[in-house]
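Report on the following structure.
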Amino acid sequence: MFPILAKDQLADTVFSVRVKAEEVARRARAGQFVILRLDETGERFPLTLCDWSPDEGWIRLVLQVVGRSTRKLSLMEEGDDILDLVGPLGRPTEICDYGHVVCVGGGVGIAAILPICRSLREAGNRVTGIIGARSADLLILEEEMGEVTDELVLTTDDGSRGIKGRVTWALEERLKAEKVDLVIAIGPAIMMKFASAVTAEYDVPTKVSLNSIMLDGTGMCGTCRCEVEGKTRFACVDGPEFDGHAVDWNLLLSRLDQYKEEEEVARRLPI
């Protein structure tokens, strides 16, 4: 059992939970994730590690309510137990001194980009953060991101906070203005696709974290397969980070679309 130590609501459908998971916390690295099963009848689903404490033995997860399991987790409280939690899974982000790194986070992808920014800055990089959401009330972790970046740019689609527009627009303006050695983009697949298209025009290396549908997290089921450089890869064991310029985005988006109807049905089901 993995007890919930704290829960906070960050936005309308976005929650943060701190969970006691000592072994995971000791081994966690930026860019990795865990897979949870809330109870004996529950499904397995992945969540990226947002933060952790090896000394205190906890991990922090940020979730958006998109289906039955995330809704059920959002309703759990401090003291409740998660039945299964496996991790850390996936290949960690390769951290070294690249120079100037721009980290782009969209929506709940901000939670995944936060520990990457921290690790990159600790390695000596100059880190520019660009984070965005549809509106100010959906923009999360602004204060935490400000602490782990040298500069933080905010965007909202409706202009209610920061620059009016998409994170990709702010990214292109930065690429026009100065030299960037690496871009890391995490968020909705369509955002990462367009971020990769922008950086390709400026010949800037780009890493993305693919949000393929996952089941077992060990490469056995093949649910999270994607195509990178014309070859089949599994996001859970070969990723989740890949070269954004080598991903077959149309195929990935097509696979994700297959699950939208099922998600909408699951959202309406009773807990």
query: Dipole magnitude of the chain about its Cα centre, charges +1 at Lys/Arg Cβ and -1 at Asp/Glu Cβ only, in debye to the nearest 20?
result: 360
query: How high is the FRET efficiency from Glu229 to Arg134, r the C-beta distance, R0 30 Å, rounded to 0.05?
result: 0.40
message: Kirkwood Rh over alpha-carbon pairs of the chain, then Stokes-Einstein at 25 °C and 0.890 mPa s: what D in µm² s⁻¹, rounded to an integer?
response: 131
message: I want to verify a result. In a Gaussian network model of the chain, Cα cutoff 10 Å, which of these has the top mean-square fluctuation: Ser69, Ser209, Ser196?
response: Ser69
task: Mind checking which of Cys224, Ser209, Ala185 is farthest towards the positive end of the chain's charge dipole, using Cβ charges of +1 (Lys, Arg) and -1 (Asp, Glu) about the Cα centre?
output: Cys224
field: Projected label distance in nm at Thr13 and Asn250, using a 7 Å step from Cα toward the beta-carbon
entry: 2.9
task: Please say if segment 66-165 is rounded, prolate or oblate, where rounded means a/c under 1.5 for a ≥ b ≥ c the square roots of the C-alpha gyration tensor eigenvalues, and otherwise the choice is prolate for a/b larger than b/c and oblate otherwise?
output: oblate
statement: Loop-resident GluC sites (Glu not before Pro) in segment 1-56 with no more than 14 other Cβ atoms inside 10 Å, DSSP not H/G/I/E/B, are Glu40, Glu43, Glu56
query: Given the Cα-Cα distance of Glu78 and Lys179 and 0.36 nm per residue of separation, how much length would full extension add, in nm?
result: 31.8 nm
- request: Enumerate by residue number the GluC sites (Glu not before Pro) in segment 67-138 meeting two conditions: DSSP loop (anything except H, G, I, E, B), and at most 14 other Cβ atoms within 10 Å of the site's Cβ.
  value: Glu77, Glu78, Glu94
query: If you place +1 on the Cβ of every Lys and Arg, -1 on the Cβ of every Asp and Glu, and leave all else neutral, what size is the dipole of segment 57-137 about its Cα centre, to the nearest 20 Debye?
result: 320
- line: Checking Leu75, Leu139, Leu171 against a Gaussian network model of the chain (alpha-carbon springs below 10 Å), the top fluctuating residue turns out to be Leu75
query: Which value, to two decimals, describes the C-alpha radius of gyration of segment 2-89 once divided by 2.2 N^0.38 Å?
result: 0.98
- line: Per-residue ellipticity at 222 nm attributable to helices in the chain (runs of n ≥ 4 DSSP H, -39500 (n - 2.57) apiece, nearest 500 deg cm²/dmol) works out to -8000 deg cm²/dmol
- request: Report, by chain and number, residues whose modeled amide H sits under 5 Å from the one on Asp157, excluding near sequence neighbours (fewer than 5 apart, same chain).
  value: Ala133, Arg134, Ser135, Gly165
field: Assigned charges on the beta-carbon of Lys, Arg, Asp, Glu; segment 100-257 dipole about Cα centre (debye)
entry: 180
message: What does the charge count around Asp137 come to, taking other residues whose C-beta lies under 14 Å from its C-beta (Lys +1, Arg +1, Asp -1, Glu -1)?
response: -2
query: When we measure straight from the Cα of Lys20, which aspartates and glutamates land under 18 angstrom away, once same-chain ones fewer than 8 places off are left out?
result: Asp8, Asp39, Asp51, Asp55, Glu56, Glu77, Glu78, Asp80, Asp81, Asp84
task: Count the net charge of all other residues whose Cβ sits under 13 Å from the Cβ of Gly230, scoring Lys and Arg as +1 and Asp and Glu as -1.
output: -2
task: Quote the FRET efficiency, to the nearest 0.05, computed for Asp157 versus Ala197 with a Förster distance R0 of 22 Å and r equal to the Cβ-Cβ distance.
output: 0.75
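Every number here is computed from the coordinates shown, using simple stated rules; none is lab data. Quantities reported herein were computed from a predicted structural model and do not represent experimental measurements. Note that we place each Cβ from the backbone using ideal geometry, even for glycine, and neighbour counts take in every protein chain shown.
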